[in-house]
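Participant: I'd like to ask you about the structure that follows.
Any read-out appearing in this document is the output of simple, stated calculations on the displayed coordinates, not a laboratory observation. All figures in this text were calculated on a predicted structure; none of them were measured in a lab. When we count neighbours, we look across all protein chains shown, and the Cβ atoms used for this are built from the backbone with ideal geometry, even at glycine.
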Protein chains: 2
Amino acid sequence: MQQRAQDTRLSVIEGAALVFAELGYGNASLTDITRRAGVTKGALYFHFTSKRDLALAVIAEQHALVLAAGAEIGGSDAPALEKIIGLCRMFGRQLIQEPIVQGGIRLTFEASAFDADVSGPYEDWIGTVEGLLGEAQAHGAVKSTVDPAAFARYLVASFTGVQMVSNVLTSREDVLLRIEQMWDFMLPAILPGISVQTPAPRTASSS
Amino acid sequence: MQQRAQDTRLSVIEGAALVFAELGYGNASLTDITRRAGVTKGALYFHFTSKRDLALAVIAEQHALVLAAGAEIGGSDAPALEKIIGLCRMFGRQLIQEPIVQGGIRLTFEASAFDADVSGPYEDWIGTVEGLLGEAQAHGAVKSTVDPAAFARYLVASFTGVQMVSNVLTSREDVLLRIEQMWDFMLPAILPGISVQTPAPRTASSS
């Protein structure tokens with residue numbers, strides 16, 4: 001694609017991300033998006049066939065953007081467990097600073113409204129965390145009894161909830177603090193040298 | 001309200017919950033809902049003024065339903081920490097079994113699409129968990145160093161993410177398993193008699 005066409009495409013995606021982040025999928029119109037992107041409807045339709053098509057492009061761009069930032073952390077020579085913590089912090093900062101990430105995440109939560117399968121990004125993150133946890137275990141930084149797949153799934157799910165509830169209750173004002181607290185509560189389960197005392201009776205509740 | 005009117009109102013809410021759970025707010029139509037509820041449009045409009053009004057009623061009914069089940073657990077004489085675990089399991093079962101809960105939760109995630117403030121239910125749950133945690137601390141079942149407000153917020157956020165990601169990846173097939181794993185990973189942070197070893201120096205817990 002020519003540079004100019006590429007620039008226009010990115011402008012449209014950025015404009016769309018802003019509008020989707022603000023209004024959600026259902027309330028966003030292509031007119032809002034062309035206005036925000038500063039392009040004509042013709043330019044928009046040159047690159048995208050529908051609102052749904054645009055929403056999928058915003059999600060893909062958001063995921064690519066976070067993965068790129070993640071690759072930098074992944075490629076550093078920090079210990080694996082620190083990389084996982086670093087990835088969470090990086091994602092948290094992007095949720096505050098990057099309109100494309102804000103739009104992409106809102107669309108991910110609303111994905112059923114336009115029949116989009118968003119399992120891919122979740123699976124990517126779970127796989128990345130699982131790999132890093134295995135590495136951390138090999139170096140003795142994570143208890144050998146931890147199941148990396150189960151913990152990776154838990155971490156990605158928890159993170160998703162932490163940022164979502166932070167958005168509902170504080171418009172993400174406290175998201176970085178809540179991510180730190182998440183780690184405070186998570187580390188005791190995976191750090192070595194901790195003897196876990198299982199709770200006395202954890203049988204099914206009487207109800 | 002007369003019994004018959006009350007029955008109709010509940011039928012409409014149940015029909016709406018099924019349709020919202022299946023199609024989401026944006027794609028649901030009042031025609032779908034009257035068909036599913038087996039009522040006329042006139043009967044629907046006797047009780048509700050709009051799709052938004054109906055969505056808010058489904059969320060309220062869902063929250064009331066979960067609170068009622070929660071009150072039973074809360075009123076039992078189980079230890080406080082077991083009550084919290086029991087509440088999570090109960091909510092998990094309702095997410096699998098109760099169409100009103102399924103519809104209400106989907107609408108809660110989509111709430112921005114119809115300008116609904118859903119912070120109330122989150123705050124209710126955080127408050128309930130915080131109270132029970134304080135009780136558990138008073139009985140020595142939870143470490144005195146744990147901040148009940150911070151942990152309650154974390155638990156509600158984590159639970160939200162766990163059930164959401166379970167829905168995306170397995171249509172909730174594994175949600176009960178993931179809730180048990182969540183507790184396996186959470187308990188080491190709050191049970192007494194566990195010395196926490198962290199990478200960075202942090203306040204030593206007296207346990």
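Participant: Defining the label point at 7 Å along Cα→Cβ, can you sort the distances from B:A149 to the same site in each other copy, shortest first, in nm?
Facilitator: Values, ascending and in nm: 4.1.
Participant: What is the mean projected area of the alpha carbon convex hull for segment A:143-187, to one decimal in square nanometres?
Facilitator: Averaged projected hull area, Cα only: 3.1 nm².
Participant: Could you let me know the centre-to-centre spacing of segment A:1-66 and segment B:70-121, using Cα atoms, in angstrom?
Facilitator: 36
Participant: Could you quote the convex hull projected area for chain A, Cα atoms only and averaged over all directions, in nm²?
Facilitator: On the way: hull surface 59.9 nm².
Taking the Cα atoms of chain A, their convex hull projects to 15.0 nm² on average.
Participant: Which one, B:V168, B:V66, B:V142, has the greatest fluctuation when you compute a Gaussian network model over chain B with C-alpha springs under 10 angstrom?
Facilitator: Of B:V168, B:V66, B:V142, the most mobile in the Gaussian network model is B:V168.
Participant: As an exercise, find the ratio Rg/Rh for segment B:13-129 from alpha-carbon atoms, using the Kirkwood inverse-distance average for Rh.
Facilitator: Working: Rg = 15.4 Å, Rh = 14.9 Å.
With Rh from the inverse mean 1/r over Cα pairs, Rg/Rh is 1.03.
Participant: Oh, and also: For each of A:L191, A:L54, count neighbouring Cβ atoms within 10 Å of the residue's Cβ, then give the residues from fewest to most.
Facilitator: A:L191, A:L54
Participant: OK, next. Using a 7 Å offset from Cα along the direction of the beta-carbon, what are the separations from A:S119 to the same position in each other copy, nm, ascending?
Facilitator: Listed shortest first, these distances are 3.6 nm.
Participant: Sort shortest first the distances from B:A68 to its counterpart in every other copy, using label points 7 Å along the Cα-to-beta-carbon line, and give them in nm.
Facilitator: Going from nearest to farthest copy, the values are 5.2 nm.
Participant: Below 17 Å, Cα to Cα, which lysines can A:K41 reach? Residues fewer than 8 away in the same chain don't count.
Facilitator: Correct list for A:K41: A:K51.
Participant: Shifting gears a bit: Over the protein assembly as shown, one equal point on each Cα, no solvent: what is log10 I(q)/I(0) by the Debye formula at q = 0.08, 0.10, 0.13 Å⁻¹?
Facilitator: Debye output, listed in q order: -0.48, -0.74, -1.16.
Participant: Further question: I'd like to verify something in chain A: which complete DSSP H helices, judged by Cα projection on the helix axis, reach 24 Å or more and average at least -0.5 on the Kyte-Doolittle scale?
Facilitator: Helices meeting the criterion: A:3-27, A:51-75, A:80-97, A:119-138, A:148-170.
Participant: Identify which of B:Q181, B:Q102, B:Q163 has the largest mean-square fluctuation in a Gaussian network model of chain B, with springs joining Cα atoms closer than 10 Å.
Facilitator: Checking each option, the largest mean-square fluctuation is seen for B:Q181.
Participant: How big is segment B:98-173 in terms of Cα radius of gyration and Dmax, in angstroms?
Facilitator: 15.0, 44
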